[in-house]
Amino acid sequence: MASYVFPSSLTSINSKAINKSNQPFIHIMLYDWQVGNKLDQDTSSIATKVAEYFIAIPETTIQEQYNHSWESNSDMTQFISGGIMKKLKGLGQRLGNFVLGDSTNGVESLAGYMLNDFVKQNYHGIDFRQFEFLFNMIPKSLAEANTIKSIMTSLKLHTTPTYGNGMFVEYPAIVQFVVYSGGESNTPLFRSQFCGVQSLGFNYSPSGFMRTFQDGTPVQIHMNLSLKELKKVSDTGI
């Protein structure tokens, strides 16, 4: 399994010394898709980690998003129980000899009334929770620039599906991540489940123009990573 660290000031971070760093960072772990079929089980013994990344986050956007679905419907019980026949009778008296069958808009315009549609919102559930990360990666040396290239190549490789004999497509890796600050995992912020990569993007000229090292590597790269959880979150998983 490959492990990548950026910047080099985080090189002391490993499985034994991870809590000794006071610099905020995110630990991103990629797992083989097989664990995605067993999300309702304890995945600690079956998960196969294919790569991991330790990336500092002093200038990183971290966004958590909940999307809920609500749908507008007319409450016909209110329409009927609201004395609609009585209202229509009074409306007819006000219209006088107005001919029934004219457009509803015409009736409303003449009478100065409109029918109450009694619309209300009904809840239709929550979408899968999403996370957005924007990494501002500025290498301070050619070695760090090479590390960034390795991180990008690895992420592109593992988050892209594999085409076998043309008939079947192998799923890409799935993601779990932990945000650390002050040497401890930042669980008060949120707790994430396994995620699929929704989008992965790179901006090689975030300052408006592209500058590179002698080998052509950009001196600054913005990496955008969008994740979507594989299971819908509930009040017990927040």
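Nothing in this text is a laboratory measurement; each read-out follows from the coordinates by a stated rule. What you see is a predicted model, and the numbers here were worked out from it, not measured in a lab. Heads up, the Cβs are rebuilt from the backbone with ideal geometry, glycines too, and the neighbour counts pull from every protein chain shown.
Scalar couplings 3J(HN,Hα) for segment 6-11, obtained by applying the Karplus form with A = 6.51, B = -1.76, C = 1.60 to θ = phi - 60°, are 8, x, 5, 5, 9, 5 Hz; x denotes Gly and Pro.
The ranking of LYS49, LYS232 by Cβ neighbour count inside 10 Å, starting from the fewest, reads LYS232, LYS49. In order along segment 154-166, the phi-based Karplus estimate (6.51 cos²θ - 1.76 cosθ + 1.60, θ = phi - 60°) of 3J(HN,Hα) comes to 5, 5, 4, 5, 7, 9, 10, x, 9, 9, x, 8, x Hz; Gly and Pro are listed as x. Label separation (PHE213 vs THR162): 3.0 nm, computed from points 7 Å beyond Cα along the C-beta direction.
For GLN198, nonlocal amide neighbours, meaning residues 5 or more places apart or on other chains whose placed amide H falls under 5 Å from its own, are SER226, LEU227, LYS228. With θ taken as phi - 60° and the Karplus curve 6.51 cos²θ - 1.76 cosθ + 1.60 applied, the whole-hertz 3J(HN,Hα) list for segment 62-70 is 10, 10, 10, 9, 10, 10, 10, 10, 10 Hz, x standing for glycine and proline.
Here the gap between LYS140 and GLU71, fully extended at 0.36 nm per residue and compared with their Cα-Cα distance, gives a gain of 19.7 nm.
What pairs from LYS49/LYS149; LYS49/LYS228; LYS156/LYS232 go past 24 Å between their alpha carbons?
Values: LYS49/LYS149 21 Å; LYS49/LYS228 19 Å; LYS156/LYS232 26 Å.
Violating the 24 Å limit, Cα to Cα: LYS156/LYS232.
For segment 139-238, a/c is not less than 1.5, where a ≥ b ≥ c are the root eigenvalues of the C-alpha gyration tensor, and a/b does not top b/c. That puts it in the oblate class.
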